[in-house]
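A short worksheet on the structure shown next.
The values are calculated or read from the model by the stated rules, or taken from the named source; none is laboratory data. These numbers were taken from a predicted model, which means no experiment stands behind them. Cβ: placed from backbone, ideal geometry, glycine included. Neighbour counts: every protein chain shown. For accessibility, only protein heavy atoms count, side chains too; no ligands or nucleic acids. Shrake-Rupley method; radii C 1.70, N 1.55, O 1.52, S 1.80 Å.
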Amino acid sequence: MPSTPRRPRQFASDNHSGICPEAWDALAAANHDHSPAYGDDRWTRKATRLIREFFDTDCRVFFVFTGTAANSLALAACCRPYHSILTHEYSHIERDECAAPEFFTGGAKIRFESGPNGKLTPARVESLAQRRTVHFPKPGAVSVAQCTEAGTVYSGAELKSLGRTARRLGLRLHVDGARFANALASAGTAPADFTWKAGVDVISLGGSKNGMPPGEAVVFFNAELAREFEYRRKQAGQLCSKMRFLSAPWTGMLRDGAWLRHATHANRLAARLARGLGRLNGVKLLFPCQANVVFAELPARAIRRVRAWGWRFHVMIGTRGCRLMCSWDTSEEDVDAFLTDLKRAL
C-alpha cells in the first residue's frame with residue numbers, strides 16, 4: 001500500500017472540483033428577495049457589463065447551462081444545415097458532444113484534420129475547404145479550442161492567421177473556450193487580442209471548469225450572428241427562468257480577477273506535475289504543458305497500481321496515454337502525493 005494518505009482531490013477532470021469562494025459568495029448574494037426572471041435582473045446586467053469590459057468591446061452575451069449547448073448553439077448561429085464545420089480531429093465538438101452540433105445546426109457536417117499538438121493550422125483549413133461543389137457540404141465555419149484538447153495554447157499570431165484564412169474563405173471563426181481562462185493565464189495576452197482582434201466571431205466562454213457552478217456564456221463579437229439568438233436559446237431549453245443564478249457567479253469571478261487568478265493557479269500546479277513526471281524513468285510527456293493539463297504515457301502496470309491506491313485520471317490516448325488535470329483547488333501536496341505514489345508504482 002502507498003505511504004501517502006489519500007486526498008479528496010483527483011486529476012480526472014477540473015469538472016470534479018467544487019465552487020470557488022468568489023463564485024459561491026456571488027451566488028449567495030443573489031439569493032435574497034425576489035428578482036425578475038429570464039435575465040431581466042441586475043445580476044445578469046452586471047455580468048454582461050463585466051464580460052464586455054473584459055473583452056473591451058460591445059459584444060452580445062447569452063448565458064446557458066452547459067458547454068455542449070454553448071458550442072452547439074454558437075455553431076448553429078454560424079452555419080446552415082448544408083454547411084460543414086472545420087475542426088481538429090481531437091476537438092471536443094467532434095469527440096465529446098454526442099453529435100449535438102450536428103443536431104442543433106440541423107445537419108451541418110463536422111469535418112476534421114490532424115495537426116501537431118492538437119492545433120488546426122491555416123493549411124489544414126485550406127485543405128478541408130477545397131471541395132466546393134453542390135454535391136459536398138459547403139464550408140461554413142472553423143472551430144478551434146483555446147486551450148486545445150491536448151492542453152496547448154494557440155498564440156495570438158496563430159489565431160490571427162486562422163482568422164485571416166477564415167475571412168478569405170468566407171468562413172466564421174468559433175472558439176470553444178471551455179478553458180479560455182487557462183489559455184489567457186498561460187499566454188499573458190489581453191482577451192481582445194485572443195478573440196475579436198484576431199478575427200473570432202463567437203466564443204463559448206467557459207466558467208464551470210474554472211471554479212464556477214454550472215453555467216457558460218455564448219459571446220458574439222459579430223453582432224449579425226447574434227440576431228434572434230435569444231429565440232434559438234429558448235427553443236433549445238437554455239433560457240433559465242432564474243437567470244441570476246447562472247449569471248451572478250460571473251460577477252464574483254470577473255469583479256477582481258478571480259477567473260484568471262484561479263486559472264493561473266491551476267496552470268502552475270500542472271507545470272509542477274509535468275516537471276515531476278519528466279524526472280521519472282518510464283514516463284513520457286506527450287504534449288507541451290501550456291495550461292492546466294498534462295498528458296503522459298505511463299506503463300500499464302503503474303496505471304493499475306496507482307488506480308488501485310485510489311487515484312483517478314483518464315486514459316485517453318491508446319492504452320497508456322493518460323490525461324492528468326489540475327483545477328483551481330489542486331494543491332502542491334496533491335501533486336507531490338501523486339508523484340510519490342507513481343514513483344513507487346514504477
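Being closer than 12 Å to Val144 by Cα and surrounded by 24 or more Cβ atoms within 10 Å (Cβ to Cβ) is the filter; apply it to region 160-171 and report the residue that is farthest from the chain's Cα centre (by Cα). Selected residue: Ala166. For region 179-222, the set of residues classified as of a type in the set (Val, Ile, Thr), in a loop (DSSP other than H, G, I, E, B) and surrounded by 22 or more Cβ atoms within 10 Å (Cβ to Cβ) consists of Thr195, Val200, listed by residue number.
Which of the residues spanning region 258-289 are in a loop (DSSP other than H, G, I, E, B) and more than 18 Å from the chain's Cα centre (by Cα)?
Going through region 258-289, the residues in a loop (DSSP other than H, G, I, E, B) turn out to be 279-283, 286-289.
If the condition is that a residue be in a loop (DSSP other than H, G, I, E, B) and more than 18 Å from the chain's Cα centre (by Cα), then Arg279, Leu280, Asn281, Gly282, Val283, Leu286 are the ones that fit.
The condition of being of a type in the set (Val, Ile, Thr), closer than 23 Å to Asp256 by Cα and open to solvent by 40 Å² or more (accessible area, probe 1.4 Å) holds for Thr57.
Could we say that Met253 is within 23 Å of Ala185 (Cα to Cα) and either part of a loop (DSSP other than H, G, I, E, B) or in contact (Cβ under 8 Å) with a residue 12 or more places away in the chain (or both) here? For Met253, the condition - within 23 Å of Ala185 (Cα to Cα) and either part of a loop (DSSP other than H, G, I, E, B) or in contact (Cβ under 8 Å) with a residue 12 or more places away in the chain (or both) - is met.
One residue stands out in region 273-287 among those that are closer than 19 Å to Ala300 by Cα and among the charged types (D, E, K, R): the one that is surrounded by the most Cβ atoms within 10 Å (Cβ to Cβ), namely Lys284. Reported count of residues in region 287-302, each being free of Cβ contacts under 8 Å to residues at least 40 places away in the same chain and closer than 26 Å to Trp328 by Cβ, is 1.
Matching residues to (1) touching a Ser or Thr at 6+ places or on another chain (Cβ under 8 Å); (2) closer than 25 Å to Leu73 by Cβ:
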position: Gly106; (1), (2): no, yes
position: Ile110; (1), (2): yes, yes
position: Glu113; (1), (2): yes, yes
position: Val125; (1), (2): yes, yes
position: His135; (1), (2): no, no
position: Val144; (1), (2): yes, yes
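Across region 223-237, the qualifying residues are those that are touching a Leu at 6+ places or on another chain (Cβ under 9 Å) and closer than 17 Å to Thr48 by Cα, and the one among them that is most open to solvent (accessible area, probe 1.4 Å) is Glu230.
Could you tell me whether region 33-45 includes any residue that is assigned to a helix (DSSP H, G or I), modelled with pLDDT under 95 and in contact with a helix residue (DSSP H, G or I) (Cβ under 8 Å, 6 or more places away or on another chain)?
Within region 33-45, none of the residues are assigned to a helix (DSSP H, G or I), modelled with pLDDT under 95 and in contact with a helix residue (DSSP H, G or I) (Cβ under 8 Å, 6 or more places away or on another chain).
The number of residues in region 290-317 being more than 18 Å from Arg9 (Cβ to Cβ), open to solvent by less than 70 Å² (accessible area, probe 1.4 Å) and either in contact with a strand residue (DSSP E or B) (Cβ under 8 Å, 6 or more places away or on another chain) or not in a loop (DSSP other than H, G, I, E, B) (or both) comes to 9. Within region 256-286, the set of residues being among the basic types (Lys, Arg) and free of Cβ contacts under 8 Å to residues at least 60 places away in the same chain comprises Arg261, Arg268, Arg275, Arg279, Lys284.
The lone criterion from (1) among the small types (Gly, Ala, Ser); (2) open to solvent by less than 10 Å² (accessible area, probe 1.4 Å); (3) closer than 20 Å to Arg227 by Cβ; (4) touching a residue at least 60 places away in the same chain (Cβ under 8 Å) left unmet by Ala108 is number (4).
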